[in-house]
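Some notes on the structure that comes next.
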Amino acid sequence: MKKIAASLFALLLMFGVASVATASGGDGEWHTWATTNTSEPTGGTVNYPQTYVGEGRLAPDCGVWYQQDFYTHAGESNGVSIEEVIADGTLTNGEDHHLTNQGLDGAQMWRFVYGGDCEPESTPSPSVTPEPEVDFCDRGDRPGGVNIGKWLDRDNGGSAAECFDAEIIESCGMVDDSVTGPAGIAWGLQWKEGAGVAPEYPANNFPANFPEDYNGGSADVSYWLVGGESDYGKRSGLPNLWGESATVTVNTDCEDAPGEPEEPKEPTTEKDKTVLCSGWIKTVITTTDANGNESVGTEWEHDPSLQTCDDGENG
């Protein structure tokens, strides 16, 4: 009788029958659960909890192990029903033993099925992503956590010269400056009278004006860059507060030879305003008198409503 029952069970497994009769005259049904095992499990190594797949002996996808259990209706009298076991979609260890222990001749009826190894996925050729262009004059482009000096030294040869445009503007009895630098930071030149003066802060803001024939006809002016970020200033390629000064000689012998007097002209005043992100407004005032003589001055004022960056970043 045992041999007949075993042969019948083997045939039922072969043809995937979901409901079979046991040797004791009961019947049952197959249910399939997905395990998380990555290698062949046994009754002692199969992983729990398992996830319900469906009724019947269902085939797994590649790389997946399923457990197929034959639940007998006779076993339901020893615990919860088949419907209750599968209701929550999760199987814990031992939860269904009262259903599977009522198989042919009392044998536990379950098996493990593997979906086979998956074929390796083809690896696409890596796409070449162009390196983003770095603007070394924009401190926001530097990697997080790296200070500006180390960034410029490592990735830009220790130079920030391309970030600055500076000019000393000379006229008789006067010298002025024009400076631009990395955005969002206040930059300018300061000066002191004399040749080779060591940079210090604060000093005089340009323009530098001298009276007629001052110092016997000429005056030496030492100048240097100042600004709100020393790491840029040191690498600017300009005379700077953190390095050495440069010197320009101003001609103060400005009177023309006597001649026919020119017609007097109407005095004019021009103002050129520059608004910095710190809210400071620099106004360069150029005044021309009736004789055509120009004088240039600078005024500073602060408007908090115009501030878009930290004061500390602007010196």
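What do you reckon, is Ala203 without any contact (Cβ under 8 Å) to a residue 40 or more places away in the chain and either buried (at least 16 other Cβ atoms within 10 Å of the Cβ) or more than 21 Å from Gly297 (Cα to Cα) (or both)? Please lay out each step first, then the result.
Numbers: without any contact (Cβ under 8 Å) to a residue 40 or more places away in the chain: yes; either buried (at least 16 other Cβ atoms within 10 Å of the Cβ) or more than 21 Å from Gly297 (Cα to Cα) (or both): yes.
So Ala203 passes the test.
Kindly indicate the residue of the stretch 200-257 that is under 44 Å from the mean Cα position of the chain (by Cα) and hydroxyl-bearing (Ser, Thr, Tyr) and also nearest to Gly188 (Cα to Cα) among those meeting that condition.
Here is the first cut: in the stretch 200-257, the residues under 44 Å from the mean Cα position of the chain (by Cα) are 200-207, 222-247.
If we keep only those that are hydroxyl-bearing (Ser, Thr, Tyr) as well, we get 201, 222-223, 230, 232, 236, 245, 247.
Values: Tyr201: 12, Ser222: 14, Tyr223: 10, Ser230: 13, Tyr232: 13, Ser236: 12, Ser245: 13, Thr247: 16 Å.
Here the residue is Tyr223.
Would you pick out the residues in the stretch 170-200 that are outside any loop (DSSP other than H, G, I, E, B), among the β-branched types (Val, Ile, Thr) and touching a residue at least 60 places away in the same chain (Cβ under 8 Å)? Write out each step before concluding.
Of the stretch 170-200, the ones outside any loop (DSSP other than H, G, I, E, B) are 170-171, 174-180, 187-193.
Now narrow it down to the ones that are among the β-branched types (Val, Ile, Thr): 175, 179-180.
Passing the criteria: only Val175.
Return yes when Glu212 is surrounded by fewer than 16 Cβ atoms within 10 Å (Cβ to Cβ), in contact (Cβ under 8 Å) with a residue 40 or more places away in the chain and not hydrophobic (A, V, I, L, M, F, W, C) and no when it is not.
Criteria met by Glu212.
Could you figure out which of (1) of a type in the set (A, V, I, L, M); (2) within 22 Å of Ile148 (Cα to Cα); (3) surrounded by fewer than 18 Cβ atoms within 10 Å (Cβ to Cβ) isn't true of Ala198?
Of the numbered conditions (1) of a type in the set (A, V, I, L, M); (2) within 22 Å of Ile148 (Cα to Cα); (3) surrounded by fewer than 18 Cβ atoms within 10 Å (Cβ to Cβ), the odd one out for Ala198 is (2).
Checking Trp224 against (1) assigned by TED's automatic domain parsing to the domain that holds Ser178; (2) modelled with pLDDT under 90; (3) of a type in the set (Phe, Trp, Tyr), only one condition comes out false. Which one?
(2)
So that you can scan it fast, the table gives a plain yes or no per residue for (1) under 30 Å from Gly228 (Cα atoms); (2) of a type in the set (Phe, Trp, Tyr); (3) loosely packed, with under 12 Cβ neighbours inside 10 Å; (4) without any contact (Cβ under 8 Å) to a residue 60 or more places away in the chain:
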site	(1), (2), (3), (4)
Val53	no, no, no, yes
Leu58	no, no, no, yes
Cys62	no, no, yes, yes
Gln67	no, no, no, yes
Ala87	no, no, yes, yes
His98	no, no, no, yes
Asp135	yes, no, no, yes
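Would you check which residues across the stretch 109-133 are surrounded by 13 or more Cβ atoms within 10 Å (Cβ to Cβ) and at pLDDT below 90 and list them? Spell out the reasoning first.
To start, the set of residues in the stretch 109-133 that are surrounded by 13 or more Cβ atoms within 10 Å (Cβ to Cβ) comprises 109-110, 112-115.
Correct list: Met109, Trp110.
The values are calculated or read from the model by the stated rules, or taken from the named source; none is laboratory data. Values in this document were obtained by computation on a predicted structure and should not be read as measured data. Neighbour counts run over all protein chains shown; Cβ positions are idealised from the backbone, glycine included.
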